[in-house]
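The values are calculated or read from the model by the stated rules, or taken from the named source; none is laboratory data. On a predicted model such as this, the values are computed, not experimentally measured, just so you know. Using ideal geometry, Cβ is built from the backbone for each residue, glycine included, and neighbour counts are taken over all protein chains shown. Just the protein is used for accessible areas: all its heavy atoms, side chains included, with ligands, DNA and RNA removed. Shrake-Rupley method; radii C 1.70, N 1.55, O 1.52, S 1.80 Å.
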Amino acid sequence: MNKSIYASVLSSKKKGKKLFSVLVDPDKFSPEVIREADKARVDFIFIGGSQVKNGSFHRCVASIQKITNIPLVIFPGSREQVSEKADAILLLSLISGRNPDYLIGEHIQAARQLKRSKLEIIPTGYILIGGGKKISAQAVTRTSPIKSSDKGLAVSTAIAGELLGMKMIYLEAGSGSKTPLSSSLVKEVRKNISCPVIAGGGIDTPEKAQALCKAGADMIVVGNAIEKDHGLIVEIAKAIHSYTI
Ligand code: 1GP
């Protein structure tokens, strides 16, 4: 039996090995991205998003599985994004927001299907960090992000998530954000919790990915930048996988 995805994340964290996940938006899916991810030995493919048209999600899951053996992890934008064909799902609770639908409501709607499925379920605290421009997750979820200058609130939110039993904390600067997470914020969160920290949003160079690894992120997620330039997958993978503490 394959080792569980969460167990492999924990084991990498213990060894100080940083992980790279490529995020696929099903509406913009290109098989070339998956082939490049294979070449670059990307650790996980994330699939999902907050504005995905329904049919494309399931078609895309099936297509990816035909091309690669890289574990496929659902990063759900809504309860419709559940597929038995994936390996795992991040059961995201938007703990930076106060919209009950994204804290627990969507989960209740999907609960029975998830319970019946063989998907590995990884409860994950999802924290939106805002800077300048409004990010799309903010509009979709009708919540306010935590200001990037408010490190204290970001840290307390991450601690609360971990105490509630969430197995990972995902710090999100927003899809296509002009400014990725600040290293100092990631550092503060890392210092105060012990579960794996995921960093995503606006990472578009190997240097930015490496800076967040240095700050303490255990996994880096990149979507938009690699859709525009597939060659970046290999470069960012090298930067992340060669990083040593
Ligand atoms: C978005 O964190 C992910 O939810 C990735 O963001 O598309 O900006 O890389 P980008």
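Scan the stretch 198-229 for residues that are open to solvent by less than 10 Å² (accessible area, probe 1.4 Å), without any contact (Cβ under 8 Å) to a residue 40 or more places away in the chain and within 13 Å of the ligand (Cβ to nearest atom) and the total you get is 3.
At least 1 residues being more than 22 Å from Phe75 (Cβ to Cβ) is the threshold, and among the helices (runs of 4 or more DSSP H) wholly inside the stretch 153-245 those reaching it are 183-192, 206-215, 232-241.
Does at least one position in the stretch 142-164 carry a residue that is under 18 Å from the mean Cα position of the chain (by Cα), closer than 25 Å to Ala7 by Cα and of a type in the set (Asp, Glu)? Yes; the residues of the stretch 142-164 include at least one that is under 18 Å from the mean Cα position of the chain (by Cα), closer than 25 Å to Ala7 by Cα and of a type in the set (Asp, Glu). When Val52 is tested against (1) part of a loop (DSSP other than H, G, I, E, B); (2) open to solvent by 30 Å² or more (accessible area, probe 1.4 Å); (3) touching a helix residue (DSSP H, G or I) at 6+ places or on another chain (Cβ under 7 Å), only condition (2) is not met. Condition first: in contact with a Leu (Cβ under 8 Å, 6 or more places away or on another chain), closer than 19 Å to Leu92 by Cα and either of a type outside the set (S, T, N, Q) or near the ligand (Cβ under 10 Å from one of its atoms) (or both). Can you find one or more residues in the stretch 187-195 that meet it? There is at least one residue in the stretch 187-195 that is in contact with a Leu (Cβ under 8 Å, 6 or more places away or on another chain), closer than 19 Å to Leu92 by Cα and either of a type outside the set (S, T, N, Q) or near the ligand (Cβ under 10 Å from one of its atoms) (or both). Taking the listed residues Ser149, Ser156, the one that is loosely packed, with under 15 Cβ neighbours inside 10 Å and within 13 Å of Ser96 (Cβ to Cβ) is Ser156, with no other qualifying. Between Val24, Val52, Val33, the distinction of being in contact with an Asp or Glu (Cβ under 9 Å, 6 or more places away or on another chain), among the β-branched types (Val, Ile, Thr) and at pLDDT below 95 belongs to Val52 only. Residues in the stretch 168-184 that are near the ligand (Cβ under 10 Å from one of its atoms) and buried (at least 18 other Cβ atoms within 10 Å of the Cβ): 9 in all. Note on the stretch 60-108: among residues that are open to solvent by 40 Å² or more (accessible area, probe 1.4 Å) and closer than 22 Å to Val189 by Cβ, the one that is farthest from the ligand (Cβ to nearest atom) is Arg98. Scanning the stretch 22-34 turns up one or more residues that are away from the ligand (no atom under 16 Å from the Cβ) and open to solvent by 20 Å² or more (accessible area, probe 1.4 Å). Restricting Lys39, Lys18 to those that are touching a Cys at 6+ places or on another chain (Cβ under 7 Å) and away from the ligand (no atom under 13 Å from the Cβ) reduces the list to Lys18.
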